[in-house]
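To keep things clear, I will list the structure first and then write my remarks on it.
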Amino acid sequence: MNIVNFKEIKPKIMYYGTPTLLLTTLNEDGSTNISPMSSSWALGDCIVLGIGLGGKAIENLKRHKECVINLPSPNLWRNVERISSFTGIREIPDYKKEIGFTFKKDKYQAAELTPLKSKTVLPTRIKECPIQIEAVVKDIRIPEYNSLFAIVETQVLHFHAAENIVQNENYINPVEWSPLIYNFRHYFGLGREIGKTFRSET
Ligand SMILES: Cc1cc2nc3c(=O)[nH]c(=O)nc-3n(C[C@H](O)[C@H](O)[C@H](O)COP(=O)(O)O)c2cc1C
């Protein structure tokens, strides 16, 4: 890209392209909820998630401090998109209703994905995701300056990877593995756009 000049803009969203993850958490009745997410970072065995306060994921994590961070590959973008307008919250906050969210209890069925029993945590893993990370919640912080989201710190317990993306026993082969990138509400894989969300404005 040949950069000639800059322009100051005021984007409504700042999703500059991070891997999509499907966070599974435990509902009060023992079933599993799936929440598409993209705000995460990892250092050592800690994975930090940015989770909106009006959703089911944070409600579940406050009550039951276990989750699975499932990483879909680009070919699963339609499955992610199938549940992108759903929330596991029955009493949907007005701001979510206004942008088109509706309640869905069974996200597995809606996404056409398959639950797999986890090794030690109660929320299930997603079979179709090549990487599934079982984790325990160590801390949930709500920033004083903002009441929109929580910063959730998790510690990895078990890292499951599809055999075909594993090399030398404990390494992921980056040639075989590619994340599904969420780039300003458009899905990308391997540097090429493959779809966009129902909320995309561009
Ligand atoms: C690809 C994608 C990425 C998203 N990233 C996040 C995120 O990082 N944090 C968040 O709170 N919501 C994110 N959302 C929105 C949530 O998926 C949405 O709030 C949903 O209602 C969560 O489901 P739940 O209420 O059942 O937990 C994202 C949605 C999509 C489609």
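The values are calculated or read from the model by the stated rules, or taken from the named source; none is laboratory data. Here the structure is a predicted model, which means the values were calculated and not measured. For neighbour counting, all protein chains shown are included, and Cβ atoms are generated from backbone atoms with ideal geometry for every residue, glycine included. With ligands, DNA and RNA removed, areas are computed over all heavy atoms of the protein, side chains included. Shrake-Rupley method; radii C 1.70, N 1.55, O 1.52, S 1.80 Å.
When you have a sec, figure out the Kirkwood radius of segment 18-191 from all distinct Cα pair distances and drop it here in Å to one decimal?
Taking every pair of different Cα atoms in segment 18-191, averaging 1/r and inverting gives 16.4 Å.
L43 to A162: FRET efficiency via 1/(1 + (r/R0)^6), r the Cβ-Cβ distance, R0 22 Å, to the nearest 0.05?
0.40
Run the dipole for the chain about the Cα centre, Lys and Arg Cβ at +1, Asp and Glu Cβ at -1, nothing else charged, and hand back the magnitude in debye, nearest 20.
480
Per residue, how much accessible area does the chain show when a 1.4 Å probe rolls over the protein heavy atoms, in square angstrom?
Accessible area per residue, the chain: 59 Å².
Tell me, in nm to one decimal, what length is gained between L190 and E112 on full extension, where the rule is 0.36 nm per residue of separation less the Cα-Cα distance?
The span from L190 to E112 would gain 25.7 nm if fully extended.
Only Cα pairs under 8 Å and at least 6 apart count here; give the relative contact order of segment 18-191 as a rounded whole percent.
Relative contact order for segment 18-191 comes out at 27 percent.
Among all the aspartates and glutamates, which ones have a C-alpha under 12 Å from K127's C-alpha, if same-chain residues fewer than 8 places away are not counted?
E112
For E28 paired with N2, estimate the spin-label separation in nm (one decimal), with each label point 7 Å from Cα along the Cα-to-Cβ line.
6.1
Residue by residue, what Karplus-based ³J(HN,Hα) values in Hz, rounded to whole numbers, does segment 155-165 have, using 6.51, -1.76 and 1.60 with θ = phi - 60° and x for Gly and Pro?
Listing the rounded values in order: 10, 6, 9, 9, 10, 9, 9, 4, 3, 6, 10 Hz.
Which FRET efficiency value, to the nearest 0.05, is calculated for K10 and N146 with the Förster distance at 22 angstrom and r the Cβ-Cβ distance? Intermediate values should be presented prior to the final figure.
Details: r = 18 Å, r/R0 = 0.82.
In this case the efficiency is close to 0.75.
May I ask you to give the percent of accessible area on segment 18-191 that is carbon plus sulfur, with a probe radius of 1.4 Å?
Roughly 53 percent, rounded to a whole number.
Using label points projected 7 Å from each Cα along Cα→Cβ, tell me how many nm separate I172 and E201, to one decimal.
It works out to 3.2 nm between the two label points.
What is the sum of charges, Lys and Arg at +1 and Asp and Glu at -1, for the other residues whose Cβ falls under 10 Å from the Cβ of E112?
+1
Hey, what do the phi angles of segment 11-25 turn into as Karplus ³J(HN,Hα) couplings, whole Hz, using 6.51/-1.76/1.60 and θ = phi - 60°, x for Gly and Pro?
x, 6, 10, 10, 6, 8, x, 10, x, 6, 9, 10, 8, 9, 9
Which aspartates and glutamates have a Cα less than 12 Å from the Cα of K196, not counting those fewer than 8 places away in the same chain?
Here the aspartates and glutamates satisfying the reach criterion relative to K196 are E81.
Between rounded, prolate and oblate, where does segment 1-119 land on the alpha carbon gyration tensor, with a ≥ b ≥ c its root eigenvalues, rounded for a/c under 1.5, else prolate if a/b exceeds b/c?
Since a/c reaches 1.5 and a/b is larger than b/c, the shape of segment 1-119 is classed as prolate.
Would you kindly derive the ³J(HN,Hα) couplings of segment 62-76 from the backbone phi angles with the Karplus curve 6.51 cos²θ - 1.76 cosθ + 1.60 (θ = phi - 60°), listing them in order in whole Hz, with x for Gly and Pro?
Karplus-based 3J(HN,Hα) across segment 62-76 equals 5, 7, 10, 8, 9, 7, 10, 9, 9, 10, x, 8, x, 5, 9 Hz.
Considering amide H positions built from the backbone, and no H for Pro or chain starts, which residues 5 or more places from T18, or on another chain, come under 5 Å of its amide H?
Y182
With each run of n ≥ 4 DSSP H residues scored as -39500 (n - 2.57), what mean residue ellipticity at 222 nm is computed for the chain after dividing by its residue count and rounding to the nearest 500 deg cm²/dmol?
It comes out at -2500 deg cm²/dmol, rounded to the nearest 500.
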